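First up is the structure itself, then whatever we jot down about it.
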Amino acid sequence: MTTPSFIERHGLWTDAQRRQADELKARVGKENLQFVRLAWADPHGASRAKAVTVPAFIGALEDGYNINVATTTLDSANARTFASFTRGGGMGLPEMTGSPNLTIVPDPATFRVLPWAPGLGWVLCDEYFNSGVPFHFSPRHVLRRQLRRLADKGMTLVAGLEIEWYLLRVVEDRLGEEHIGAPGLRGRPLRTAPPEPGYSYHSESNMDLMQPVLSALAQAFAQLDLPLRSVENEWGPGQVECTFAPRDALTAADNLLLFRTATKQLCRRMGHAATFMCRPGLKGYYSSGWHLHQSLTDTGGRNLFMPEPAGEVLSRLGHAFLGGLMQHAAPATAFATPTVNGYRRFRPNSLAPDRATWCYDHRGVMIRVLGGAGDPATRLENRVGEPAANPYLYMASQIVAGLDGIENTLDPGPPDDEPYAAQRPLLPKSLMEALDALESAPVFRHALGDVFIDYFLKLKRNEAGRFQRWLADNGVVDSDETTEWEQNEYFDFF
């Protein structure tokens with residue numbers, strides 16, 4: 001009698017995943033692979049990975065694979081934030097004592113062969129304690145739990161991605177001592193130059209200067225089954241916007257994780273750099289945003305935000321969901337804009353919001369409503385996010401806020417056609433302010449749990465606290481401009 005595998009013993013896969021895993025075991029033997037990267041999302045939404053041989057990967061499709069829990073205890077510069085080697089791991093959780101191992105379980109539906117790296121496969125994994133209990137701090141598990149709340153009501157979240165980022169040319173050919181940091185201190189990023197002069201919105205000739213790189217990216221995205229819709233030359237020098245067709249929220253979040261890591265890897269191989277940092281500390285660089293398009297559908301795929309009466313822009317359910325986003329805008333910002341740097345974007349008349357506002361087809365508000373009666377693409381576009389946001393936590397925060405709106409029939413109030421003059425609550429002006437709002441928001445504690453909220457707050461306050469100490473130690477007065485600390489902290493990481 002054979003012993004059940006880890007995955008079987010704890011019932012971690014659906015029937016569909018078991019079938020996909022069987023097909024994958026047969027496939028990898030024919031792909032001439034050397035390694036498969038077992039990837040998972042860290043709390044910042046960055047992709048972490050271990051490369052394993054094909055036999056080890058096939059074993060992971062039965063019993064998972066061990067990793068150290070450490071990547072979930074580090075802030076954005078790899079500063080150890082929790083006292084891992086004390087009882088309870090600095091979290092008061094016995095299971096976190098001693099920086100234990102986790103078991104990561106591949107999701108066979110996410111397997112790809114990386115087109116830029118011959119012989120290399122890639123698969124997303126879910127993290128579990130060795131007892132089979134889902135890991136408390138896994139962003140993918142956090143989103144999945146909120147999607148189950150929607151599913152219990154016969155609904156799912158559909159998300160479309162609209163991401164701005166910077167493409168740059170690398171002008172240093174090697175790393176030196178000044179590029180090397182230490183835990184809690186990042187070195188200077190490589191020097192770069194813009195590939196085009198910028199500030200000529202949608203200029204075809206300027207876009208053509210970037211076309212060789214953009215074409216290589218588009219080819220790779222197609223091979224990765226990422227549903228790219230458009231690539232646009234945006235506002236700043238080398239600023240690019242990519243839009244993707246809507247998918248269910250979990251798939252969209254997975255796609256965003258893969259899109260960011262694939263873009264960074266491909267650009268670097270071509271002598272360029274990609275950064276998803278919101279406002280790079282380079283001359284003339286404009287802020288980048290992540291506009292999250294979202295709607296709810298029923299089990300038959302019907303858009304539940306689409307209104308019936310002509311002249312209406314949203315259904316009653318859509319209005320209530322919008323009311324939740326408006327009501328909980330301040331605490332939700334901690335997930336949509338989770339870096340010190342991202343708050344430099346919230347300026348009046350900047351194509352980014354500075355307060356909780358909404359309107360139909362208006363790019364100055366926080367929530368832009370699109371669609372209407374008879375339009376199955378009716379949706380809410382949240383314009384508060386930065387491109388460095390963790391996609392799983394950003395989308396989970398929308399479900400938490402929107403469901404509270406539905407359950408309590410929250411009214412978003414009238415539309416704001418002059419959003420920067422509207423009498424609406426201002427958005428947080430800093431990461432610390434956003435974290436304070438999150439700490440005192442019962443709706444997020446109830447939905448996400450005290451354990452996760454307290455963990456997230458401590459992790460991000462460590463990051464924000466290091467910035468405050470840097471300002472004090474260097475006699476720098478915080479202004480509207482990106483600091484050297486932010487450039488070092490975020491430019492390469494995101």
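Would you kindly calculate the translational diffusion coefficient of region 340-494, applying Stokes-Einstein with the Kirkwood radius from alpha carbon pairs, for 37 °C and a viscosity of 0.692 mPa s, and quote it in µm² s⁻¹ without decimals?
Approximately 188 µm²/s, per Stokes-Einstein.
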Task: Cα pair count fraction exceeding 14 Å, expressed as % - region 322-401 - done: 61
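Restricting everything to alpha-carbon atoms, can you work out Rg to Rh for region 88-146 with a Kirkwood hydrodynamic radius?
Values: Rg = 14.7 Å, Rh = 13.4 Å.
On the Cα set of region 88-146, Rg over Rh gives 1.10.
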Task: Amide H contacts of ARG355 (H built 1.01 Å from N, under 5 Å, at least 5 apart or other chain) - done: LEU427
Task: Cα-centred dipole magnitude for the chain, charges only on beta-carbon of K, R (+1) and D, E (-1), debye, nearest 20 - done: 960
Task: Pairs of Cα atoms farther than 33 Å apart, the chain, % - done: 38
TODO: May I ask you to order 409-419, 289-299 by the average number of other C-beta atoms within 10 Å around their residues, highest value first?
DONE: 289-299, 409-419
- [ ] Evaluate the charge dipole of region 1-149 about its Cα centre and quote only its size in Debye, nearest 20, assuming +1 on the Cβ of each Lys and Arg and -1 on the Cβ of each Asp and Glu.
- [x] 240
Task: Sorted largest first, extent of region 143-272 alpha carbons per principal axis (Å) - done: 54, 43, 27
TODO: Enter the accessible area per residue of the chain (Å², integer; probe 1.4 Å; all protein chains in place).
DONE: 41
- [ ] Name the lysines eligible as straight-distance cross-link partners of LYS460: C-alpha to C-alpha under 22 Å, and not fewer than 8 places from it in the same chain.
- [x] LYS429
Task: Under the Karplus curve 6.51 cos²θ - 1.76 cosθ + 1.60, θ = phi - 60°, whole-Hz ³J(HN,Hα) for region 148-164, x wherever Gly or Pro sits - done: 5, 4, 5, 4, 4, 9, x, 10, 9, 9, 10, 10, x, 9, 9, 10, 9
Task: In order through region 231-238: 3J(HN,Hα) via Karplus (6.51 cos²θ - 1.76 cosθ + 1.60), integer Hz, x for Gly, Pro - done: 10, 10, 7, 8, 9, x, x, x
Task: Neighbourhood net charge (15 Å Cβ-Cβ; Lys/Arg +1, Asp/Glu -1) for GLY154 - done: 0
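Under 1.5 on a/c is rounded, so check that first for region 121-179, then, if it is not, pick prolate when a/b is larger than b/c and oblate when it is not; a ≥ b ≥ c are the square roots of the alpha carbon gyration tensor eigenvalues.
In terms of gyration-tensor shape, oblate.
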Task: Three-way shape call for region 81-198 based on the alpha-carbon gyration tensor, with the a/c threshold at 1.5 - done: oblate
Open item on the list: Rounded, prolate or oblate for region 225-332? Axes are the square roots of the Cα gyration tensor eigenvalues, ordered a ≥ b ≥ c, and the cut-off for rounded is a/c under 1.5.
Closed with: prolate
TODO: Take the alpha-carbon centre of region 146-192, take the same for region 329-393, and report the distance between them in whole Å.
DONE: 18
TODO: Among DSSP beta bridges whose residues both lie in the chain, state the antiparallel percentage, nearest 5.
DONE: 90
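Restricting to DSSP H runs of at least four residues, report the calculated mean residue ellipticity at 222 nm for the chain, -39500 (n - 2.57) per run over all residues, nearest 500 deg cm²/dmol.
On the way: 13 runs with 167 residues, N = 494.
Result for the chain, helices only: -10500 deg cm²/dmol.
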Task: Per-residue HN-Hα couplings for region 248-257 [Karplus 6.51, -1.76, 1.60; θ = phi - 60°; Hz; x = Gly/Pro] - done: 4, 4, 5, 5, 5, 5, 4, 5, 5, 4
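The values are calculated or read from the model by the stated rules, or taken from the named source; none is laboratory data. In this text, all values refer to a predicted model and were calculated from it rather than measured experimentally. Here the Cβ is made from the backbone with ideal geometry for all residues, glycine too, and neighbour counts use every protein chain on show. Ligands, DNA and RNA are excluded from the accessible area calculation, which covers all protein heavy atoms including side chains. Shrake-Rupley method; radii C 1.70, N 1.55, O 1.52, S 1.80 Å.
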